[in-house]
Amino acid sequence: MRRITPCLWFNNQAVEAVDFYLGIFKDSKKGDTTYYGKSSAAVSGQPEGKVLTVGFELNGADYLALNGGPEFKFTQAISMMVWCETQEEIDYYWEKLQADGGKPSQCGWLEDKFGLSWQVVPTYIEEAMKDPAKHERMMAALVQMTKLDLAALKTAAENN
């Protein structure tokens with residue numbers, strides 16, 4: 001059975017986006033590229049020969065980038081979660097995903113230069129959320145943060 005593959009709709013930046021993501025995630029690779037042919041170009045209004053899709057893999061997960069045109073934009077209703085073990089990982093992904101025009105949001109969320117939302121979060125959150133008291137204390141600290149501070153989250157969760 002095939003796995004589920006998210007298809008990310010870009011206006012005309014599918015190749016640029018894939019190259020951007022491949023440069024950030026060390027365990028990544030580019031897959032197949034397809035192009036608009038006569039039939040698909042006629043229906044879509046895109047020029048024949050233009051890149052239609054680029055397959056790629058980030059940390060073992062498959063994605064497809066589509067040059068679909070300007071009709072649809074990303075929203076925060078869908079985000080990519082990057083699970084981090086250390087503060088160094090959080091700092092790395094926070095900086096890299098915002099490069100060249102991305103912008104921070106609240107609670108570990110950010111938007112990259114293509115408008116795709118990401119959550120850069122420590123794996124510790126999963127552990128703390130299993131205990132209602134830790135969860136509540138941790139969330140009180142988390143909602144005041146932009147980039148997440150792992151040490152501060154742990155301190156907040158563990159302090160009775």
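Every number in this text was worked out from the coordinates using simple rules, so none of it is lab data. Computed from a prediction, not measured in an experiment: that's the story for all the values here. Here the Cβ is made from the backbone with ideal geometry for all residues, glycine too, and neighbour counts use every protein chain on show.
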Gaussian network model of the chain, springs between alpha carbon atoms under 10 Å - residue of L97, L148, L58 with greatest fluctuation: L58
Fewest Cβ neighbours within 10 Å first, please rank D149, D100, D91 accordingly. D100, D91, D149
Taking 25 °C and 0.890 mPa s as the conditions, I'd like the Stokes-Einstein D for segment 9-76 in µm²/s, using the Kirkwood hydrodynamic radius from alpha carbon pairs. 196 µm²/s
Using a 10 Å cut-off around each Cβ, can you sort F74, F10 from fewest to most neighbouring Cβ atoms? F74, F10
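Please work out how much length the chain gains when fully extended from D19 to E95, using 0.36 nm per residue of separation minus the C-alpha to C-alpha distance, in nm with one decimal. Mind showing how you got there, number by number?
Details: separation 76, 0.36 × 76 = 27.36 nm, distance 1.65 nm.
Gain on stretching D19 to E95: 25.7 nm.
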The computed P(r) of segment 74-160 puts the percent of Cα pairs beyond 16 Å at 51 percent
Order of C107, C7, C84 - criterion: other Cβ atoms within 10 Å of each residue's Cβ, fewest first: C7, C107, C84
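Based on the alpha-carbon gyration tensor of the chain, what equivalent-ellipsoid semi-axes (square roots of 5 times the eigenvalues) come out, in whole Å, largest first? Could you put the intermediate results ahead of the total?
On the way: eigenvalues 262, 44, 37 Å².
Equivalent ellipsoid of the chain: 36, 15, 14 Å, largest first.
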